[in-house]
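Have a look at the structure below, then the notes.
The values are calculated or read from the model by the stated rules, or taken from the named source; none is laboratory data. Model, not experiment: these values are computed from the prediction. With ideal geometry, Cβ positions are generated from the backbone for all residues, glycine too; neighbour counts draw on all protein chains shown.
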Amino acid sequence: MTAEANPEPNDAIDVILTQWRRERPDLDLSAMGFLGRLSLLTRAVETQVDDMLASHGLGRGEFDVLAALRRSGPPYTQIPSELSAALMMSRAGMTSRLDRLESAGLLQRSLDPA
């Protein structure tokens, strides 16, 4: 038994590759198939992560803040400017995330003793 030279497309990526092969047989499409499938997998994983976080009332942004605080070690505190730098976001954006987390009872703010 031998493999077919032009197998039937199995998914959307195969359809795209078949079209490219027909139009531009000179192109090396080896990376395109891999990257296309990687993109599909990434979207599927992101959907699963978003659903799991949503079941806990969180978005990725809020989770990122909580994860940054947890990995900072005891006493699991940081000033907002440190958090915004660690997450590469604006201070205003961080304030908004902290407000949402505080309203949800997932963190408690305190005054910086310094």
- So which residues in the stretch 60-80 are assigned to a loop (DSSP other than H, G, I, E, B) and either assigned by TED's automatic domain parsing to the domain that holds Thr47 or among the hydrophobic types (A, V, I, L, M, F, W, C) (or both), if there are any at all? Ile79
- Message: Please go through (1) small (Gly, Ala, Ser); (2) outside any loop (DSSP other than H, G, I, E, B); (3) over 19 Å from Asp112 (Cα atoms) for Gly57 and return the number of the only condition it doesn't satisfy.
- Response: (2)
- Query: Only one of Leu38, Leu83 is closer than 30 Å to Ile16 by Cβ, among the hydrophobic types (A, V, I, L, M, F, W, C) and either touching a residue at least 12 places away in the same chain (Cβ under 8 Å) or assigned to a helix (DSSP H, G or I) (or both); which?
  - Reply: Leu38
- Failed criterion for Arg22 (all others in (1) surrounded by 10 or more Cβ atoms within 10 Å (Cβ to Cβ); (2) of a type outside the set (Asp, Glu); (3) at pLDDT 95 or above hold): (1)
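Return the total of residues in the stretch 79-92 being surrounded by 15 or more Cβ atoms within 10 Å (Cβ to Cβ) and either under 17 Å from Gln108 (Cβ atoms) or over 19 Å from the mean Cα position of the chain (by Cα) (or both). Reasoning before the result, please.
Step one: filter the stretch 79-92 for residues surrounded by 15 or more Cβ atoms within 10 Å (Cβ to Cβ), giving 80, 83-84, 86-87, 89.
From what is left, the residues that are either under 17 Å from Gln108 (Cβ atoms) or over 19 Å from the mean Cα position of the chain (by Cα) (or both) are 80, 83.
The number of residues fulfilling the criteria is 2.
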